[in-house]
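Q: Quick one: the structure is below, and I'll ask about it shortly.
The values are calculated or read from the model by the stated rules, or taken from the named source; none is laboratory data. It should be emphasised that the depicted structure is a prediction, and the values quoted were computed from it without experimental measurement. Ideal geometry is used to build each Cβ from the backbone, glycine not excepted, and the neighbour counts take in all protein chains shown.
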């Protein structure tokens, strides 16, 4: 069947048609849709795990049990799953196992632009990298055979432009899912020193065998078109190279970035006069080519930063590019922001107003950093708000404890905030943690999580009670506040900061974008009463703007949350 | 056959994903190779969003660089100006005249360039401007801005009217088909 699919849908179709039995993932742009599409198949066990480490270990368990398994995550998620990954390399698999990881060059929706290929090299695990949806399907499907044949997990590397670009896929036959026999095998699966020491030589031998495969496999392909210019490239860089040069250069396309071939590269290099490596992010292929003693042009011409396009490649090669016509008028930026009616806004307004130091986290609420609220002081990684606050307070003492908080979403708290909270209680700082509970995993597009009461298929599931959880973790003071109620927010924040023990404020109201949320009628401004004090503008609500000196509410955006109304001293908002 | 490049730009939440889905599927059914590059995640939260649609005999790159777009379909005035330099010399901008203030304008740190389309026209750009929001409301929903704009741009593609209608039937939920057909017609005949 021919269908237009984003790369992530193609990965899902490939895994399914490759006989996948179990998938466990944590959402993260640009990887989320892989698991969302897999959840639509009834013959696969699919789930959202609390974090990527759990997801990867679930996939390991399923593989051990004899099923073909997978997990999916964004690049920084692999940091969380790195612990199981490195030792999975030693145990190998029973059923084939695929770890899908999506990099985000140019950081469209990420906090860094790390290159996941380092993980494949460091953990000595083979990695595949498709360049379009058709390849994403084929690579995902065949990854299971590779995994089982070489007794290794396989990493499937996507990047934003492949994951979120639709191209045409022709799907093939489905391999029926088979549950292989499970046999107890301590020497292979119990990685204590005496066993692991015997598995390490296996890993090294496997790498040599995979290197042999790299010389002759469906993943690495050569197009001989020219003996003048040769280009070694991979993933979306291949697409840009083809767009610019078509058949004017010879191309070695690498679809298996780890391990890289040797003989193939030497042969290719010997047949062209000038050799380039064009790869996004770090010089992985380039370093390998140079280690073979081959002269090559790479990162000195093609940036280590951001993502490429046909234009950046044409420019670097000294080819002509077209310039369009620009307006002379200054075009203001349009940064992303919290939606009108976002429940996070009331709490951020309260924190900014009271000049609180705010340790932020990863989610929609990272947008609390944007003017006019400018409420955040730090954002590092999932869970770091809670542990970072504890460290901050440990270093600066009582003064800091009285005016600093952590903010973390419900899903992020379950992901890795709870361990930080245990540390707050156990190592005793008087820290105040605010859980921004909007009853969904928001930024990645509304995925269920253990606090929502529903599973990936939308069926009712066990629901973590955040109040009970925080108490069980050792926090004595736990209170719930409605972030639409500014007075209540302020009272809660002041009282908990003043308290002489650790505390948690659960700022609870569902995301306004949830279909289950009943929206109120839009508010409007009484122009006669509006005194142009601009106090309501301090909320940074996209529905409120200034027209002819008076506040104006866009009725197509306003959801009637009423937070601005509480701020107006002249009762002008009705 | 050369590759044709279409950019769909707007503000996160305006429905550009549906427009690109409709166009991409239609072009594939017409026998073209197609690539559509979408934006997900952070940028969708009220930020500036851009979707690339490219079609031809064989399409490699999923993205469009400056000076390459044959058509830019813009859901908002400022966004048309932001991406104007992506247009080819003889390209066309189809733009909804709706003005959505970005946060720097809302909080008074920047000014909205009200007359930017006139400036671009004076510089020789080919611009078709229409109040797609009013037409969408006339069709029955402010959310149909995307389909009004597709209707307006439709004549630029070598695709018969009936196939566009069929594509709408195949893409939108059944209960919204009639409203969206009306929205398409209002754009098409405007």
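Q: Here are some conditions: (1) in contact with a helix residue (DSSP H, G or I) (Cβ under 8 Å, 6 or more places away or on another chain); (2) at pLDDT 95 or above; (3) outside any helix (DSSP H, G or I). Residue A:348 meets all but one. Which one does it not meet?
A: Here residue A:348 meets the rest and fails (3).
Q: Next up: Consider residue A:381 against the criteria (1) more than 14 Å from every other protein chain (Cβ to nearest Cβ); (2) surrounded by 19 or more Cβ atoms within 10 Å (Cβ to Cβ): it satisfies all of them except one. Which criterion is unmet?
A: (2)
Q: Out of A:143, A:106, A:102, report the one residue that is in contact (Cβ under 8 Å) with a residue 24 or more places away in the chain and in a helix (DSSP H, G or I).
A: A:143
Q: Looking at segment A:507-522, is at least one residue modelled with pLDDT of 95 or more, in a loop (DSSP other than H, G, I, E, B) and touching a strand residue (DSSP E or B) at 6+ places or on another chain (Cβ under 6 Å)?
A: No - not one qualifying residue is present in segment A:507-522.
Q: Let me ask you something else. Looking for something in contact with a strand residue (DSSP E or B) (Cβ under 9 Å, 6 or more places away or on another chain) and either more than 14 Å from every other protein chain (Cβ to nearest Cβ) or more than 24 Å from residue B:52 (Cβ to Cβ) (or both) - is there at least one such residue anywhere in segment B:154-163?
A: Yes - at least one qualifying residue is present in segment B:154-163.
Q: Further, regarding this structure: Among the listed residues A:223, A:228, A:215, which satisfies the condition of being within 30 Å of residue B:69 (Cβ to Cβ) and either within 14 Å of another protein chain (Cβ to nearest Cβ) or touching a residue at least 40 places away in the same chain (Cβ under 8 Å) (or both)?
A: After applying the criteria, what remains is A:223.
Q: Moving on to the next point. Please go through segment B:104-128 and pick out each residue that is touching a helix residue (DSSP H, G or I) at 6+ places or on another chain (Cβ under 6 Å) and more than 10 Å from every other protein chain (Cβ to nearest Cβ).
A: B:127
Q: While we're here: Taking segment A:6-33, which residues are buried (at least 24 other Cβ atoms within 10 Å of the Cβ) and within 13 Å of chain B (Cβ to nearest Cβ)?
A: Within segment A:6-33, A:6, A:7, A:8, A:10, A:27, A:28, A:29, A:30, A:31, A:32, A:33 meet the criteria.
Q: Next question. When residue A:201 is evaluated against the numbered criteria (1) closer than 29 Å to residue A:104 by Cα; (2) loosely packed, with under 13 Cβ neighbours inside 10 Å, which criterion, by number, is the only one it fails?
A: All conditions are met except number (1).
Q: Hey, can you tell me all the residues within segment A:143-179 that are in contact with a strand residue (DSSP E or B) (Cβ under 9 Å, 6 or more places away or on another chain) and surrounded by fewer than 19 Cβ atoms within 10 Å (Cβ to Cβ)?
A: Result: A:170, A:171, A:175, A:177, A:178, A:179.
Q: Now a separate question. For the subset of segment B:6-19 comprising residues that are closer than 19 Å to residue A:5 by Cβ and surrounded by fewer than 23 Cβ atoms within 10 Å (Cβ to Cβ), which member is nearest to the other protein chains (Cβ to nearest Cβ)?
A: B:17
Q: When the residues of segment A:234-264 are narrowed to those that are over 33 Å from the mean Cα position of the chain (by Cα) and in a helix (DSSP H, G or I), which ends up surrounded by the fewest Cβ atoms within 10 Å (Cβ to Cβ)?
A: So the residue we want is A:263.
Q: Restricting attention to segment B:48-84, which residues are within 8 Å of chain A (Cβ to nearest Cβ) and more than 16 Å from the chain's Cα centre (by Cα)?
A: B:59, B:60, B:61, B:62, B:65, B:66, B:67
Q: To continue, here is another question. Consider segment A:351-370. How many of its residues are assigned to a helix (DSSP H, G or I) and more than 10 Å from chain B (Cβ to nearest Cβ)?
A: 6
Q: Only one of these is under 30 Å from residue A:533 (Cα atoms), touching a strand residue (DSSP E or B) at 6+ places or on another chain (Cβ under 9 Å) and either crowded, with 23+ Cβ neighbours inside 10 Å or at pLDDT below 95 (or both): B:106, B:73. Name it.
A: B:106
Q: Quick check on my filter: what residues within segment A:399-439 are within 17 Å of residue A:51 (Cβ to Cβ) and not in a helix (DSSP H, G or I)?
A: Of everything in segment A:399-439, those that are within 17 Å of residue A:51 (Cβ to Cβ) and not in a helix (DSSP H, G or I) turn out to be A:408, A:409, A:435.
Q: When the residues of segment A:165-194 are filtered to those that are part of a helix (DSSP H, G or I) and closer than 21 Å to residue A:22 by Cβ, which remaining residue is farthest from the other protein chains (Cβ to nearest Cβ)?
A: Among those residues, the one meeting the criterion is A:188.
Q: Here is a follow-up. Just checking, how many residues over segment A:307-330 are assigned to a helix (DSSP H, G or I) and more than 9 Å from chain B (Cβ to nearest Cβ)?
A: The total comes to 3.
Q: Okay, moving on. Give the residues of segment B:122-141 that are without any contact (Cβ under 8 Å) to a residue 24 or more places away in the chain and surrounded by 14 or more Cβ atoms within 10 Å (Cβ to Cβ), sorted by residue number.
A: B:134, B:137
Q: I'd like to verify a number: residues in segment A:274-306 that are under 22 Å from residue A:258 (Cβ atoms), out of contact with any helix residue (DSSP H, G or I) (no Cβ under 6 Å at 6 or more places or on another chain) and within 14 Å of chain B (Cβ to nearest Cβ), how many?
A: Summing the residues that are under 22 Å from residue A:258 (Cβ atoms), out of contact with any helix residue (DSSP H, G or I) (no Cβ under 6 Å at 6 or more places or on another chain) and within 14 Å of chain B (Cβ to nearest Cβ) in segment A:274-306 gives 0.
Q: Could you name every one of the helices (runs of 4 or more DSSP H) located completely within segment B:1-118 that has at least 3 residues being without any contact (Cβ under 8 Å) to a residue 24 or more places away in the chain and closer than 20 Å to residue A:340 by Cβ?
A: B:103-106
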